[in-house]
Every structure is written in structure tokens, then in C-alpha cells.
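Peer 1: This structure is in C-alpha cells; I'll ask about it shortly.
The values are calculated or read from the model by the stated rules, or taken from the named source; none is laboratory data. The structure displayed is predicted, hence computed values, not measured ones. A quick note on method: Cβ atoms are made from the backbone with ideal geometry, for glycine too, and the neighbour counts reach across all protein chains shown.
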Amino acid sequence: MIAHVSGVVAEKFGSAVIVDVAGVGYEVQVASGDFDRAVLGEDIKFHTYHHIREQSQELFGFSSLAAKKLFELLITVQGVGPKAALSILSLGDSEQVRNAIANGDSAYITQASGVGKRIAERVVVDLSDKVGLAIQLTRKIGSSGLVVNDEALEALIALGYTLADATKALENIPGDLPTAARVTQALKG
């Protein structure tokens, strides 16, 4: 699987960004917010979801790990494929979409292209508890003094650390270090 793509924005069209990685161009489908932020000729990194079907392979990219995790939750809902999930994430930033789902706002979800009332209600019913937990975690992270979009914290949680353990592991590590260095130091303990 391709976990992330990091390179230079070579082209933009439709809802896709071509990222040039050492001479190889990867076509990455992105939400509208990420598409707007991608600037031709500038470096970019997308956390990716590699979707493999019998007839094709597609990469879906996200500027944050939190958005990728929300995308992965969305596609677990019956009737929501990767394109519909990306359309839902295009409604706003991942936090706005999480809040809408957690608060049962299916009307907000129906604004996404290709998502009807029944699918939107299914998304809210299936995911409101799961995303509600994520919102609580984000509030705890924000109140603990750590940056809410801390990639090192997200990486440690993705590796199986609890929020408390990840927070404790990062508390004495300078925040200005690169993410990889912070994660490495945290893992060393």
C-alpha cells in the first residue's frame, strides 16, 4: 500500500493533483480544500488511501492524517464509496464534517455531491459514536496544551498508543523538531 506521497505539484485538474515524486507522477484524488491549497511547482505531502478494484487503482490524498482516518471511517458505511466519502470531506475541513456527523446533522451531509438523504442518515447513524470519540480526543488534546493537528501525536496514536500515553511521551520533546524526529524520540522513551 502507498501510505503517503511527497513531492512537487506538477499538474491540477478536476479534483486530482499530479504529484511528481522523483520523476514519477502520481495522480491523487483530493477533497476541494486540499485541491485549492495545492500550488503548482511547490512541495506537498498527502497521506494516501490506495483503493484497489478489479479494473483500476486510485490514490485518494489528504493533507492531514485525521482527514484520512475520517475518510476510512466513511467508506465503512454501506453505500459510501471512496468518491462519495471524498465528496463529503469536500464540504469543509475534517473537523466540520466530524462535528456534523457527531451532532446528527444529516442535512449537512446531503449537501455533498452524490449523497442522498438515506445515505447521509446512514452515515450519521453508523458513525456518530465513532466520530464523537474523536472529537472528545481532539478537545482533550487541545486542552492539554498540545497542538490539535500534531502529526507526531497522530502517528503515535496510529501506532497503538493511547491518547494519555502519546501525550506523555511527547511532553518533553521540543515541538519545533521534525515529526519523524519527535516520533523517534517518543518511541525511545
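Peer 1: Does the stretch 58-75 contain at least one residue that is farther than 28 Å from residue 129 by Cα and either outside the structural domain of residue 155 (by TED's automatic domain parsing) or more than 12 Å from the chain's Cα centre (by Cα) (or both)?
Peer 2: yes
Residue by residue, here is whether (1) in a helix (DSSP H, G or I); (2) surrounded by fewer than 12 Cβ atoms within 10 Å (Cβ to Cβ); (3) at pLDDT 85 or above holds:
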position	(1), (2), (3)
123	yes, no, yes
131	yes, no, no
139	yes, yes, no
149	no, no, no
160	no, yes, no
174	no, yes, yes
187	yes, no, yes
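Peer 1: Now, a different point. May I ask you to say which residue of 65, 70, 89 is in contact (Cβ under 8 Å) with a residue 40 or more places away in the chain, surrounded by 16 or more Cβ atoms within 10 Å (Cβ to Cβ) and touching a Lys or Arg at 6+ places or on another chain (Cβ under 8 Å)?
Peer 2: Of the residues listed, the single one that is in contact (Cβ under 8 Å) with a residue 40 or more places away in the chain, surrounded by 16 or more Cβ atoms within 10 Å (Cβ to Cβ) and touching a Lys or Arg at 6+ places or on another chain (Cβ under 8 Å) is 70.
Peer 1: Next up: Which strands (runs of 3 or more DSSP E) sit wholly inside the stretch 1-118 and have at least 3 residues that are touching a Ser or Thr at 6+ places or on another chain (Cβ under 8 Å), within 20 Å of residue 154 (Cβ to Cβ) and not polar (S, T, N, Q)?
Peer 2: In the stretch 1-118, 43-52, 57-62 are the strands (runs of 3 or more DSSP E) which contain 3 or more residues that are touching a Ser or Thr at 6+ places or on another chain (Cβ under 8 Å), within 20 Å of residue 154 (Cβ to Cβ) and not polar (S, T, N, Q).
Peer 1: Assuming residue 113 fulfils every condition listed in (1) of a type outside the set (Phe, Trp, Tyr); (2) crowded, with 16+ Cβ neighbours inside 10 Å; (3) modelled with pLDDT of 85 or more; (4) within 27 Å of residue 16 (Cα to Cα) apart from one, which condition is it?
Peer 2: (2)
Peer 1: Would you check which residues across the stretch 34-48 are within 18 Å of residue 87 (Cβ to Cβ) and surrounded by fewer than 18 Cβ atoms within 10 Å (Cβ to Cβ) and list them?
Peer 2: Listed by number, the residues that qualify are 36, 37.
Peer 1: So which residues in the stretch 72-98 are in contact with a strand residue (DSSP E or B) (Cβ under 6 Å, 6 or more places away or on another chain) and among the β-branched types (Val, Ile, Thr), if there are any at all?
Peer 2: Passing the criteria: none in range.
Peer 1: Inside the stretch 170-183, can you point out the residues that are over 17 Å from residue 3 (Cβ atoms) and either among the β-branched types (Val, Ile, Thr) or over 23 Å from the mean Cα position of the chain (by Cα) (or both)?
Peer 2: Listed by number, the residues that qualify are 171, 172, 173, 174.
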